[in-house]
Amino acid sequence: MMLAMTPDAIRNQFEVQRQASRAHIDVPLLVRRERLLRMRKLIDEHGPALAAAVQADFGMRSPRLTEVADLLVLRAQLSHTLRHLSRWCRPRKVRTPLHLQPAQAWIARQPLGVVGVIAPWNYPVQLALGPAIAALAAGNRVMLKPSELTPHTSAQLAALVAQFFSPDEFCVVQGDAATAALIASLPFDHLVFTGSTAVGRKVAQAAAVHLTPTTLELGGKSPCIIDADCDLRDAALKIAHGKLLNAGQTCIAPDYVLLPHGSESAFAEAYRAAVAQLFPYFEGNPDYASVINARHLARLRTMLQQAQTQGAQIEVLEPVPGSPPPPPQGIGDGVGRQMPPVLVFGATLNMQLMQEEIFGPVLPVLGYERLDDAIAHINAGPRPLAMYWFGRSEAVRDDVLRRTVSGGVTVNDTLMHVAHDNLPFGGVGDSGWGAYHGEAGFLRFCHQKSVMAQSRWSLGHWLYPPYGARFDQVVGLMRRWL
């Protein structure tokens, strides 16, 4: 099913795009808009086929989940981009300081050239086409490498992109991890990678050989802080939704919860009720995604087993008694990988569960004595991609925001900052670098070229050598101005 290209074919395809980008440096607004409209047509006409491919890859993932988490996000991105693209493309005039007047100056926003995208498997449509949309809007050519762990989706993307775009505009390269390594080694004008921190380091090293700038979105352990005065049931529902969407296989999923000591039992009760509301049953429930493959499921079970051996209390949530039975047919082959949600109490920092991004439906719950302790816990580890705070006090909220660093924050909810088109999305430190979405994504894939047009009335020659009394007078006057 997966038609992997040979290394030479990949290099040749890259060269085709590179030559096209150098031959047509100025990409008119109408061309950019037309490419985005083709992308919208691709999604509108073939969204069901893409959702079916994702279902085939996961074994169990509702097309409705793909609609809301992949396709709807892309539609919103396209709508926002098309609405604002004309303004984004215009040169930006800048004020000229007094000592350089009467010159004029502006910033021209030019395409970088060819942008590479190495996409992950967890949201295989959104995280493949989202960066591509931003790069095309900025006037670039795009080479996409989707994940080998979602071969049906990758094949569908390859076929559809070839149908709607010429190879010198946008192409898809299928292949395994070796193919991804080859892509990372090509001299792109920009490279986007979404995945683990460990692989992100390798991508950054490969790109550095050519001084290729990168955008790395790497995930991490994103905490939830629950303040003492928050509505615990509301918080539990929103945390359960953020944690269990796509069975926890989300880069900004809540990774663990920090809450006041003594609140653990109340939170567990509220979380159980929230899960029962969202997912009355797990096995055979099309709304509850399966873990992507047996290897990832085994990793999660090993983490839980180690935590339990070291003293953690593991609570596997049960389906609601009398909930609907699994559908008799058409449920995919991922039922055996629909891992029930798990709460973990008493986790410690020496457990694998608290050292690695969980990326599954497992939620450790940690108590804190003082808010300072929760903040210290977060700041002692690598900076997370996301952070979530639940409470009523704006003063406490602002104190937490001032004293912590994360890629992004949602207050009194989870995940939602990623859906805001006017907010840049990206990591910091071990959770990545660079940001895209909205205008931030457009600018990420542009070169902002500084231009100053000198006036015929320029007095800059007064600062030319030979230096003497006139020079001293001019410099003295300028020092009074500056």
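Selection among PRO280, PRO382, VAL362 by position relative to the dipole of the chain gives PRO382 as farthest towards the positive end (Cβ unit charges, Cα centre).
Across the options VAL475, LEU186, VAL68, the greatest Cα extent toward the positive end of the charge dipole of the chain (unit charges at beta carbon of Lys, Arg, Asp, Glu) belongs to VAL475.
According to the Kirkwood relation over distinct C-alpha pairs, the hydrodynamic radius of segment 269-330 is 13.7 Å. For the residue pair GLN448 and TYR464, what label-to-label distance in nm results when each label sits 7 Å from Cα along the Cα-to-beta-carbon direction? Roughly 3.3 nm, to one decimal.
Ranked by the mean number of other Cβ atoms within 10 Å of their residues, highest first, the peptides 222-232, 444-454 come out as 222-232, 444-454.
Of the residues ALA135, ALA204, TRP121, the one whose Cα sits farthest towards the positive end of the charge dipole of segment 121-213 is ALA204 (charges of +1 on Lys and Arg Cβ, -1 on Asp and Glu Cβ, taken about the Cα centre).
The simple Förster model, with R0 at 56 Å and r as the Cβ-Cβ distance, assigns GLN163 and ASN379 a FRET efficiency of 0.70.
Divide the volume of the convex hull around the Cα atoms of segment 242-297 by the residue count and you get 103 Å³ per residue.
Computed over segment 378-452, the quotient of the alpha carbon radius of gyration and 2.2 N^0.38 Å is 1.30.
Evaluated on segment 60-150, the Kirkwood hydrodynamic radius is 15.7 Å, with distances taken between all distinct Cα atoms.
Tell me, what is the FRET efficiency for GLN205 and GLU45 to the nearest 0.05, using R0 = 51 angstrom and their Cβ-Cβ distance as r? Once rounded, the FRET efficiency stands at 0.80. For segment 418-482, with equal point scatterers placed on the C-alpha atoms only and solvent neglected, what are the log10 I(q)/I(0) values from the Debye formula at q = 0.28 1/Å, to two decimals? The calculated log intensity ratios at q = 0.28 Å⁻¹ are -1.16.
Taking the Kirkwood radius as Rh and the Cα radius of gyration as Rg, segment 202-348 has a ratio of Rg/Rh equal to 1.04.
Taking 0.36 nm per residue of sequence separation and removing the Cα-Cα distance, the ARG295/VAL320 pair yields an extension gain of 6.2 nm. When only alpha carbons of segment 276-425 are considered, Rg and Dmax amount to 18.0, 53 Å. Our helix-only sum for the chain, with -39,500 (n - 2.57) per DSSP H run of n ≥ 4 divided by its residues, gives a mean residue ellipticity at 222 nm of -13000 deg cm²/dmol. The three principal axes of the Cα atoms in segment 338-482 give end-to-end lengths of 80, 34, 32 Å, sorted in falling order.
For segment 131-197, a Kirkwood hydrodynamic radius built from all Cα pairs, placed in the Stokes-Einstein relation at 25 °C and 0.890 mPa s, yields a translational diffusion coefficient of 195 µm²/s. In degrees from 0 to 90, rounded to the nearest 10, what is the angle of the helix 469-481 Cα long axis to the longest principal axis of the chain? Roughly 40 degrees between the two axes. Counting only protein heavy atoms and a probe of 1.4 Å, the accessible surface of the chain is 57% carbon and sulfur.
Pairwise inverse Cα distances across the chain, averaged and inverted, put the Kirkwood hydrodynamic radius at 24.5 Å. Dimensions of segment 353-410 from C-alpha coordinates, computed as largest minus smallest value along each principal axis and given longest first, are 33, 25, 21 Å. Measuring how big segment 35-100 is from its alpha-carbon positions, Rg and Dmax come out at 19.3, 66 Å.
Of all lysines in the structure, those lying under 27 Å Cα to Cα from LYS93, and not within fewer than 8 positions of it along the same chain, are LYS449. Taking the square roots of 5 times each eigenvalue of the Cα gyration tensor of segment 1-132, largest first, gives ellipsoid semi-axes of 37, 21, 13 Å. So if I take the alpha carbon set of segment 102-250, get Rg, then get Rh from the Kirkwood formula, what is the Rg over Rh ratio? Taking Rh as the inverse mean 1/r over Cα pairs, Rg/Rh reads 1.09.
Counted over the chain, the DSSP beta bridges are approximately 35% antiparallel.
Remark: spin-label model distance ARG479-ARG370 equals 5.1 nm, labels positioned 7 Å along the Cα→Cβ axis. Taking a point 7 Å out from the Cα of GLN101 in the direction of its Cβ, the residues of segment 457-473 whose backbone N falls within less than 20 Å of it are 457-463. Taking the Cα centre of the chain as origin and assigning +1 to Lys and Arg Cβ atoms and -1 to Asp and Glu Cβ atoms, the resulting dipole is close to 2340 debye. How big, on average over all directions, is the shadow cast by the Cα convex hull of segment 219-266, in nm²? Value for segment 219-266: 3.3 nm².
The values are calculated or read from the model by the stated rules, or taken from the named source; none is laboratory data. These numbers come from a predicted model, not from an experiment. Glycine gets a Cβ as well: all are built from the backbone with ideal geometry, and neighbour counts include every protein chain shown. The protein model used for the area step is the full one, side chains on, heavy atoms only, and it has no ligands, DNA or RNA in it. Shrake-Rupley method; radii C 1.70, N 1.55, O 1.52, S 1.80 Å.
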